[in-house]
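What follows is a set of notes on a single structure, which appears directly below.
Read-outs: derived from the displayed coordinates by stated rules, not from any lab. None of these values were measured; they are calculated from a predicted model. Counting neighbours? That spans all protein chains shown, and the Cβs are built from the backbone with ideal geometry, glycine included.
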Amino acid sequence: SAPKVVDGATTMGGIVEDNLKPILYALFNVLSVTMIVVVNKKVFNEHHFHFPLLLVLIHSIITFLGLRIAAAFGAFEMKSLPQWPRIVLAASFVFYNGASLINLNANTVNVNGG
């Protein structure tokens, strides 16, 4: 739907109201990514698990299962894509997450508050 227009101007409340769902999804994504970084760093530091690519595999499996479950409950409709775009998308996901976790494993960011 179009944003609410009052006296020829779009209202901020109308914009937020009309876009509440994507805004909430974006906020949830930021929170989720932040928590994933914190948990991954703790896994590397406290449990001495220094296998970032294995962690990407675990994340990929959990993401796959989570999306399948969400689709089964009607959260979204699964769509069929040609094979090449799926390969590019999957490779992008794996390479991005692998590079991020290798960097996280190597950097000195402290998530313990001290």
Checklist entry - Of all trypsin sites (Lys or Arg not before Pro) in the range 21-113, which ones are in loop regions per DSSP and have a Cβ with at most 12 other Cβ atoms within 10 Å? => result Lys79
Item to check | Net charge of Cβ neighbours under 15 Å - reference Met35; Lys, Arg +1; Asp, Glu -1 | outcome: +2
Checklist entry - Along the range 59-69, what does the Karplus equation 6.51 cos²θ - 1.76 cosθ + 1.60 (θ = phi - 60°) give for ³J(HN,Hα), rounded to whole Hz, x for Gly and Pro? => result 4, 5, 5, 5, 4, 4, 5, x, 5, 5, 5
Next on the checklist: Rounded, prolate or oblate for the range 27-114? Axes are the square roots of the Cα gyration tensor eigenvalues, ordered a ≥ b ≥ c, and the cut-off for rounded is a/c under 1.5.
Outcome noted: prolate
